[in-house]
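The values are calculated or read from the model by the stated rules, or taken from the named source; none is laboratory data. Model, not experiment: these values are computed from the prediction. Because the Cβ atoms are built from the backbone with ideal geometry, glycine has one as well, and the counts that use them run over all protein chains shown. Heavy atoms of the whole protein, side chains included, go into the accessibility calculation; ligands, DNA and RNA do not. Shrake-Rupley method; radii C 1.70, N 1.55, O 1.52, S 1.80 Å.
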Amino acid sequence: MNGQGANGHELAEDVRTVLVGIDGGGTGTRLRLAALDGTILGAGQGGPANIATDAECGWRSVRDALDQAMAQAGLSPEACRLVAGAGLAGAEVPGAGARFMALPAIFAHIDIVTDAYTSCVGAHGGRDGAIVAAGTGTVGYAIAGGQVRRVGGWGFPQGDEGSGAWIGLEAVRLMLRAGDGRASRTALTDSIRALVAADGGDPMTWAVGLPPAGFARLVPLVVAAAGRGDGQAQALLARAGGEIDGLLAALLDGDGFQDLSCCLLGGLAGVLRPYLSAWSQGCLSEPQGGAVEGALVLAGRLHAATTG
């Protein structure tokens, strides 16, 4: 979706055009400025930018990151025509983009898409491809011939299987089962119980209302226990790997999608890759860039479309 400049009109033709790439997620925002030839001019960071849950917070986060980047580049917004590509969490929710656009205009033009879309574009250098992102949550996303496909990413606890939050929840369940004799006590369950005790919590109530990031905090304990040969931890990570296999298989199923190259992204990519099937590992390639790079690609396309 496109927006006009801060004064509601097209900016003067003699001002400098600057491309803006924005990666706005549920925990933070990253922004980068680039000249039309691709030279990076400045960068900034901001707070959360989930525009489905809080569009105003997302706008402030983007504005903070933009102010930092403009200062770093020695530029003034009034002397620039800012053309932005923005991958923002929650952009797929109906009405979210419109709520964001209703706030004070910052950019001459902006294309708002999901952060999964910009991650996919960046990972494949602007070409067609697929990604599975595995971090606190999980999602599969593919772009082929102008068509897009999304698999998973439905949020925790109803979805996000194989994610950090999911692994943490399953580890808590193991700890509770071991506590009442339904499962064996292992180094994994003992380490989680010790963490709960260190937090001053009761095992029965500690996880009640815990946010996804709180469950994901347990992943290092699972990984450490698996590295020490804990069978429960290894089996849990294998289950998570199986969930990623399932996302990838569904993502690449169907005409136009089955031959796409796929990248495994996110904080758990290195942890879970050894647990993937041979088929999945054979599909994977190394990413060429990240979500900010993908957003800059979109900004460049938008500039071409609005000046052609």
Tell me the helices (runs of 4 or more DSSP H) entirely within segment 98-205 that contain at least 3 residues that are under 21 Å from the mean Cα position of the chain (by Cα). 115-123, 164-179
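Of the residues that make up segment 36-51, is at least one farther than 24 Å from A304 by Cα, among the charged types (D, E, K, R) and either within 20 Å of the chain's Cα centre (by Cα) or part of a loop (DSSP other than H, G, I, E, B) (or both)?
The first filter runs over segment 36-51 and keeps only residues farther than 24 Å from A304 by Cα, leaving 44-51.
From what's left, among the charged types (D, E, K, R): none.
The answer is no; no qualifying residue exists.
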Pairs needed: first member in segment 27-46, at negative phi and basic (K, R); second member anywhere, open to solvent by less than 30 Å² (accessible area, probe 1.4 Å) and not in a strand (DSSP E or B); C-beta distance under 6 Å; at least 6 residues apart or different chains. R30/V292; R32/V292
Could you run through segment 134-149 and say how many residues are more than 15 Å from N50 (Cβ to Cβ), in contact (Cβ under 8 Å) with a residue 40 or more places away in the chain and either open to solvent by 30 Å² or more (accessible area, probe 1.4 Å) or not aliphatic (A, V, I, L, M) (or both)? 6
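So that you can scan it fast, the table gives a plain yes or no per residue for (1) buried (at least 22 other Cβ atoms within 10 Å of the Cβ); (2) more than 30 Å from L284 (Cα to Cα); (3) among the small types (G, A, S):
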site	(1), (2), (3)
G46	yes, yes, yes
R63	no, yes, no
A89	yes, no, yes
A98	no, yes, yes
V121	yes, no, no
R127	no, no, no
Which of (1) in contact (Cβ under 8 Å) with a residue 40 or more places away in the chain; (2) farther than 15 Å from V292 by Cβ is the odd one out, the single condition V113 does not satisfy? (2)
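Based on what the data block shows, is A213 assigned to a helix (DSSP H, G or I), surrounded by fewer than 23 Cβ atoms within 10 Å (Cβ to Cβ) and free of Cβ contacts under 8 Å to residues at least 12 places away in the same chain? First the steps, then the outcome.
Details: assigned to a helix (DSSP H, G or I): yes; surrounded by fewer than 23 Cβ atoms within 10 Å (Cβ to Cβ): yes; free of Cβ contacts under 8 Å to residues at least 12 places away in the same chain: no.
Considered against the rule, which asks whether it is assigned to a helix (DSSP H, G or I), surrounded by fewer than 23 Cβ atoms within 10 Å (Cβ to Cβ) and free of Cβ contacts under 8 Å to residues at least 12 places away in the same chain, A213 comes out as no.
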Give all pairs with beta carbons closer than 8 Å in which a residue from segment 61-77 that is β-branched (V, I, T) meets a residue that is surrounded by 15 or more Cβ atoms within 10 Å (Cβ to Cβ); count only pairs at least 6 apart in sequence or on separate chains. V62/I22; V62/G24; V62/T29; V62/L31; V62/G46; V62/A49; V62/A86; V62/I106
Tell me yes or no: at least one residue of segment 229-244 is in contact (Cβ under 8 Å) with a residue 24 or more places away in the chain, polar (S, T, N, Q) and farther than 17 Å from C120 by Cα. yes
Just the residues that are more than 17 Å from the chain's Cα centre (by Cα), open to solvent by 60 Å² or more (accessible area, probe 1.4 Å) and of a type outside the set (A, V, I, L, M), please, taken from segment 289-308. R301, T307, G308
So if I check each of A250, A225, A235, A240, which one is part of a helix (DSSP H, G or I), open to solvent by 40 Å² or more (accessible area, probe 1.4 Å) and within 24 Å of L195 (Cβ to Cβ)? A235
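Pick out the one residue from M204, M175 that is more than 28 Å from S119 (Cα to Cα) and out of contact with any helix residue (DSSP H, G or I) (no Cβ under 7 Å at 6 or more places or on another chain).
Values: M175 fails: out of contact with any helix residue (DSSP H, G or I) (no Cβ under 7 Å at 6 or more places or on another chain).
Selected residue: M204, the only one of M204, M175 that is more than 28 Å from S119 (Cα to Cα) and out of contact with any helix residue (DSSP H, G or I) (no Cβ under 7 Å at 6 or more places or on another chain).
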Matching residues, segment 261-288, being of a type in the set (S, T, Y), closer than 15 Å to G140 by Cβ and crowded, with 20+ Cβ neighbours inside 10 Å: S280
Residue check, L264 against (1) more than 17 Å from the chain's Cα centre (by Cα); (2) not in a helix (DSSP H, G or I); (3) not polar (S, T, N, Q), all met but one. Which one? (1)
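Which one is nearest to the chain's Cα centre (by Cα) among residues in segment 72-87 that are farther than 22 Å from T138 by Cα and open to solvent by less than 10 Å² (accessible area, probe 1.4 Å)?
My answer is G85.
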Residues of segment 267-288 being under 18 Å from the mean Cα position of the chain (by Cα) and part of a helix (DSSP H, G or I), in sequence order, are A269, G270, V271, L272, R273
Cβ-Cβ under 9 Å pairs, at least 6 apart or on other chains, segment 165-184 side closer than 24 Å to W154 by Cα, far side open to solvent by 60 Å² or more (accessible area, probe 1.4 Å) and hydroxyl-bearing (S, T, Y): A165/T136
